[in-house]
Amino acid sequence: MANSQALPKNRHQYAERIYQRLLTVKDQLSQEFHLPDRINCCYVDNLLDESDARAIYAAFPAKAEMLLLKDLREYKHVTMQMNQVNPILEEIIYAFQDPKVVAIVSEITGLQALLPDEYLYAGGISLMDEGCYLNPHLDNSHNKDRTLYRALNLLYYVTPDWQEWYGGNLELWDQGLQHTCRTIHSRFNRLVIMITNRSSWHSVSPIQYQGQRCCINNYYFSSIPPDAQHYSHVTSFRGRPNERFNDLVLQADTFLRNRVPRSFKNFIRKPQYYKK
């Protein structure tokens, strides 16, 4: 992928396009998001003009220039330092934080007091290629300062011609890990909006193809907990249903990280956010 510094659009132009696209399908997305007995989620295709989506993909840095996260929990390449990558990527990241976009997402989801995260805590851009995965998990319940609840995850996929059988798809464990997950194809130019709460177990299927699945990731936070009850937890991983040993190890890992002081956790693994 090239790393041209050309800037075809700015964040306000991207935001206007995102807003208009969401507006045209707002009612359908709201109905989908609120379907019962499953993790609240919806998606829209053809979010941007195809040429813009392809330009965003082409702007991704090489994986060697990104932070590698690889352990039993996950295997992926990420960065939140948007001032160190092609400016197009920073523009599209912050387009999702435009007040008009946040407002219409609030209308679609019914979640109130939504606030975008300028520090991209656990957000930013991600690149996954052959062998990469993300085990079932719950996202960290709060922002980096522990003052707001994590409410929504926005995932925008930008790899052209990405086929479902390649892997790298979003898996939603609607009925828990004892049941079959629901899969959402990480299709080119598709935006997924999903709730993040105490039961939104999700994962990314292992990639089985020699390509790169690229994603733009934003979180919205709120002073109001998505479950209408106060709670707090670290990012909590589990093993897949056929990974009994891994599951026991990851449950123990979560148990310990939920109980050790935050300062010690940060010493072991630094929190990832945009250090401006």
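For the reader, a short list of remarks on this structure follows.
- Of K76, K9, K276, K100, the order by accessible heavy-atom surface (1.4 Å probe, DNA, RNA and ligands excluded), from most exposed downward, is K276, K100, K9, K76.
- For the chain, the Cα-based Rg and Dmax, in that order, read 17.7, 49 Å.
- Note on region 1-77 and region 84-162: Cα centroid distance 9 Å, given to the nearest whole angstrom.
- Mean projection of the Cα convex hull over all viewing directions, computed for region 9-133: 9.1 nm².
- In the chain, helical runs assigned H by DSSP with n ≥ 4 each contribute -39500 (n - 2.57); averaged across all residues and rounded to the nearest 500, the mean residue ellipticity at 222 nm is -7500 deg cm²/dmol.
- Region 163-242: Cα Rg divided by the 2.2 N^0.38 Å rule of thumb: 1.23
- 3J(HN,Hα) along region 16-33, derived from phi through the Karplus expression 6.51 cos²θ - 1.76 cosθ + 1.60 where θ = phi - 60°, amounts to 5, 5, 4, 4, 4, 5, 5, 4, 5, 10, 4, 5, 5, 5, 5, 4, 5, 4 Hz, with x in place of Gly and Pro.
- Spin-label pair K275/R259, simplified geometry with 7 Å Cα→Cβ offset, distance in nm: 3.1 nm
- Using a Förster distance of 22 Å, the FRET efficiency for N46-Y209 (Cβ separation, nearest 0.05): 0.45
- With contacts taken as Cα pairs under 8 Å at a separation of at least 6 residues, region 1-108 carries a relative contact order of 44 percent.
- The simple Förster model, with R0 at 41 Å and r as the Cβ-Cβ distance, assigns E164 and Q229 a FRET efficiency of 0.70.
- Gain on full extension, evaluated as 0.36 nm per residue between V249 and Q13 minus their Cα-Cα distance, stands at 80.3 nm.
- Relative contact order for the chain: 24 percent, from Cα pairs under 8 Å spaced at least 6 residues apart, divided by residue count.
- Computed 3J(HN,Hα) for region 140-155, one whole-Hz value per residue from the Karplus formula 6.51 cos²θ - 1.76 cosθ + 1.60 where θ = phi - 60°, is 3, 6, 10, 6, 5, 9, 6, 10, 9, 7, 6, 10, 9, 10, 10, 10, glycine and proline marked x.
- Magnitude of the charge dipole for the chain, about its Cα centre and with charges confined to Cβ atoms of Lys, Arg (+1) and Asp, Glu (-1), is about 920 debye.
- Karplus-derived HN-Hα couplings along region 39-45 (A = 6.51, B = -1.76, C = 1.60, θ = phi - 60°), whole Hz, x at Gly and Pro: 5, 4, 6, 7, 8, 9, 9
- L23/R54 FRET efficiency (R0 25 Å; Cβ-Cβ; nearest 0.05): 0.60
- Qualifying lysines (Cα of each under 18 Å from Cα of K276; at least 8 residues distant if same chain): K144
The values are calculated or read from the model by the stated rules, or taken from the named source; none is laboratory data. All figures in this text were calculated on a predicted structure; none of them were measured in a lab. Using ideal geometry, Cβ is built from the backbone for each residue, glycine included, and neighbour counts are taken over all protein chains shown. With ligands, DNA and RNA removed, areas are computed over all heavy atoms of the protein, side chains included. Shrake-Rupley method; radii C 1.70, N 1.55, O 1.52, S 1.80 Å.
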